[in-house]
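Let me begin by presenting the structure, written as structure tokens, before commenting on it.
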Amino acid sequence: MKKKADITIGKTLKVLLSLIWRLDKTYYLVLGLASLAGGLNTIFNIYIPKILIDGYSRGWQAKDYIRVILILGLAKYSLLQLRAYIKRQEKIRQSLLDEKFPIAFANKVMGIDYANLEDAKVLDLKERALFPVTNYGALIQLLSGAVDFLTSLFTVISLVVILVAFSPLFMVLVFFLTLIGLIFSARFMTVLKKITEDLIPINRRYAYYADTATGPLFQKEYRIYGMSSLMTRKINEFTSEMYGWLRNIQVAQANTETRQGIVTGITRFLTYSFVALRVLSDRFGPLISLGDFSVIVAATDSFAVSFRGLVTSAITIGQSISYLKPFCEFMSIPDTKAKSGSLLPEPLEKLAFENVSFSYPNSDRLILDDISFVINRGEKVSIVGLNNAGKTTIVKLICRLFEPDSGRILWNGIDIRDYDYEAYIDKLSCVFQDFQLFPFTIQENIVTQKSGQDEKEEKRLWQVLEEVDMREAVETLPNKAQTYLDKSLYEEATDLSGGQKQKLAIARSIYKESDLVILDEPTAALDPLAESEVYENFNQLVQNRTAIFISHRMSSSIFCDRIILLENGKIAGFDSHEKLMKGHNLYRKLFETQAKNYIS
């Protein structure tokens, strides 16, 4: 991935809003209703005393009070129930979004160019991207901040209308005093941000050591080498360091609350004094009632709280967006499908490399240097060469995991980049050196995207298992093909040997009805006898399909129609085993050296 400038705050917010909309459109409605309900509750509370006090001034009787109190009580109860329901929905949807964000992130990882995942800069960005979501709770902090901000905004606007109508000058004074309190809060937030940023790497190291101490990976070493005390000491060191940082936070918070308390006291003193004068005299403005007195006093207190909440939540939102910036930057990486062509590939007749050169990201070493070759339909081709000769690189280029630096790869004469990505990949089956089986059932690992419930599919599944010599082993399992493969997740799962796992991976590639089968070191975990058996059945396994075969064991070449010999990034030979043995010293040397080791 080419280096690009960091995305702006605006772009970050746009990515977040778009992703939330895609994951849960209803959340925005719930967000608006939660904010409105919170603001209405505050305004309602302000006016309840006024209604009751004004009733006294109007000479209400006991029955009038009872009727009004019942109405107000019912209205308050209904508002609280509505607010509680909306709040529950908001929390539920926040939790769901918090779960969906890592899933969306995982889908993004699986959707971007594979080349990005071998770029150190992208891998670093990937680590920084997910940490704030899973470890710091930045998304929940952002969503909660948004609710608080909108609630405070609605409340502040309503209160400003009330206070300005009472006295614009008084409104300015209240705003000024509130602003002083906010300055104290802003200073604390700055200190908190710095402490938090300093604490993140310490917390990450602490989490690593804590997980390592309780995880299964190092338990043998703890016991054999007596390293448990060293690990405990490391954890205690980080615990003490974290305690110091947390203590600094508590001290800074206490000092801020003290200063804010003083400002609040001054504000209340001035409010009560000025509003009381308006009740008793018209010198500073029109007389107001006792009911208005209660409204202004309550509105002043609420304004300070709500305005502080407005600014604090805005800062919280800004911090959350800042924390989520790497996440949004990663989510902005283009998907592979975005570069997909529109053509649909026909059945393979000819696969050609045309003057292809390639080097890996952030590397000057040329892995493939202007290579060209053609593989025809139905051919079985072996690719051999010394280590790091570029054998697996050819496979990755065919699978569109990387793109050539120059040259073209042609499927039936058309550049593979011009084909629809998914349609093209559907034409390929591949077993990589570092293949993976998933913690699914045996059947799900082989059938993959298909249902596996159809009788025809079931029959083909067992046929493929028999072809790779795994049918008997699977049939002996209590749940047969429905057996899971990961004992750490399922008690009834099975543990397979490395060779058996390799055979299942080969079965998966054979089961897929692809035009081209690529086996990259498919027998690395098998013993020579089992490997020979796979080779002998190779033509039957791939049937009439085209196959590319890579192996560090030169004996595989015997079963192939032609062999590509790679040397120093170039094709040193492309012919049958018999002809290469007669005419190429490197190929003959590799073959005879390995044969000698097996014979000895």
Worksheet entry | Residues of region 18-37 classified as farther than 11 Å from residue 93 by Cβ and either open to solvent by 10 Å² or more (accessible area, probe 1.4 Å) or aliphatic (A, V, I, L, M) (or both), total | 8
Worksheet entry | Segments classed as helices (runs of 4 or more DSSP H), wholly inside region 318-431, with at least 2 members that are farther than 25 Å from residue 544 by Cβ | 325-331, 391-398
Worksheet item: Within the bounds of region 461-470, is there any residue that is outside any loop (DSSP other than H, G, I, E, B), touching a residue at least 24 places away in the same chain (Cβ under 8 Å) and among the aromatic types (Phe, Trp, Tyr)?
Response: no
Fill in: Selection from region 20-35 of residues that are of a type outside the set (A, V, I, L, M, F, W, C) and under 13 Å from residue 144 (Cβ atoms)
27, 35
Worksheet item: Considering only region 206-225, how many residues are open to solvent by 100 Å² or more (accessible area, probe 1.4 Å), part of a helix (DSSP H, G or I) and at pLDDT below 75?
Response: 4
Item to complete: Show the residue pairs that are 6+ apart or on different chains and have beta-carbon atoms under 7 Å apart, the first residue being within region 254-273 and closer than 24 Å to residue 189 by Cβ, the second being open to solvent by 50 Å² or more (accessible area, probe 1.4 Å).
Response: 263/180
Worksheet item: Does region 55-65 contain at least one residue that is surrounded by 16 or more Cβ atoms within 10 Å (Cβ to Cβ) and part of a helix (DSSP H, G or I)?
Response: yes
Practice prompt. Quick one: which residue in 459, 380, 396 is open to solvent by less than 30 Å² (accessible area, probe 1.4 Å) and on the phi < 0 side of the Ramachandran plot?
Written response: 380
Discussion item. For the structure I just gave you, tell me whether residue 371 is over 33 Å from the mean Cα position of the chain (by Cα), open to solvent by less than 10 Å² (accessible area, probe 1.4 Å) and either on the phi > 0 side of the Ramachandran plot or modelled with pLDDT of 90 or more (or both).
Written reply: yes
Item to complete: Pull up region 234-253, narrow it to residues that are among the charged types (D, E, K, R) and open to solvent by less than 90 Å² (accessible area, probe 1.4 Å), then point me to the one that is farthest from residue 188 (Cα to Cα).
Response: 234
Item to complete: Answer yes if at least one residue in region 77-86 is crowded, with 16+ Cβ neighbours inside 10 Å and either within 30 Å of residue 300 (Cβ to Cβ) or out of contact with any His (no Cβ under 8 Å at 6 or more places or on another chain) (or both), and no otherwise.
Response: yes
Item to complete: Return yes when residue 486 is surrounded by fewer than 15 Cβ atoms within 10 Å (Cβ to Cβ), in contact (Cβ under 8 Å) with a residue 24 or more places away in the chain and in a loop (DSSP other than H, G, I, E, B) and no when it is not.
Response: yes
Worksheet item: Which of the residues belonging to region 545-558 are open to solvent by 10 Å² or more (accessible area, probe 1.4 Å) and at pLDDT 80 or above?
Response: 545
Worksheet entry | Single residue of 202, 183 found to be aliphatic (A, V, I, L, M) and within 14 Å of residue 309 (Cα to Cα) | 183
Worksheet item: Among the residues of region 559-570, which ones are open to solvent by less than 50 Å² (accessible area, probe 1.4 Å) and more than 20 Å from residue 540 (Cβ to Cβ)?
Response: 563, 564, 565, 566, 569
Worksheet, complete the sentence: Reported set for region 373-406 where residues are touching a helix residue (DSSP H, G or I) at 6+ places or on another chain (Cβ under 8 Å) and hydroxyl-bearing (Ser, Thr, Tyr) is 382
Fill in: Subset of region 237-286 (residues that are touching a helix residue (DSSP H, G or I) at 6+ places or on another chain (Cβ under 8 Å) and outside any helix (DSSP H, G or I))
283, 284, 285, 286
Discussion item. Being among the hydrophobic types (A, V, I, L, M, F, W, C) and either crowded, with 17+ Cβ neighbours inside 10 Å or touching a residue at least 40 places away in the same chain (Cβ under 8 Å) (or both) is the filter here; which residues of region 87-129 pass it?
Written reply: 96, 97, 101, 104, 105, 112, 115, 120, 122, 125, 129
Practice prompt. Give me a count of the residues in region 160-193 that are part of a helix (DSSP H, G or I), more than 27 Å from residue 252 (Cβ to Cβ) and either open to solvent by less than 60 Å² (accessible area, probe 1.4 Å) or out of contact with any Leu (no Cβ under 9 Å at 6 or more places or on another chain) (or both).
Written response: 12
Discussion item. I'm told residue 228 meets every condition in (1) in contact with a helix residue (DSSP H, G or I) (Cβ under 6 Å, 6 or more places away or on another chain); (2) open to solvent by 30 Å² or more (accessible area, probe 1.4 Å); (3) touching a residue at least 40 places away in the same chain (Cβ under 8 Å) except one. Can you identify the failing condition by its number?
Written reply: (3)
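The values are calculated or read from the model by the stated rules, or taken from the named source; none is laboratory data. Treat the numbers as computed from the prediction; the structure is a model and nothing was measured. Quick reminder, even Gly has a Cβ in these numbers, built from the backbone with ideal geometry, and neighbours come from all protein chains shown. Note: areas computed on protein heavy atoms with side chains; ligands, DNA, RNA excluded. Shrake-Rupley method; radii C 1.70, N 1.55, O 1.52, S 1.80 Å.
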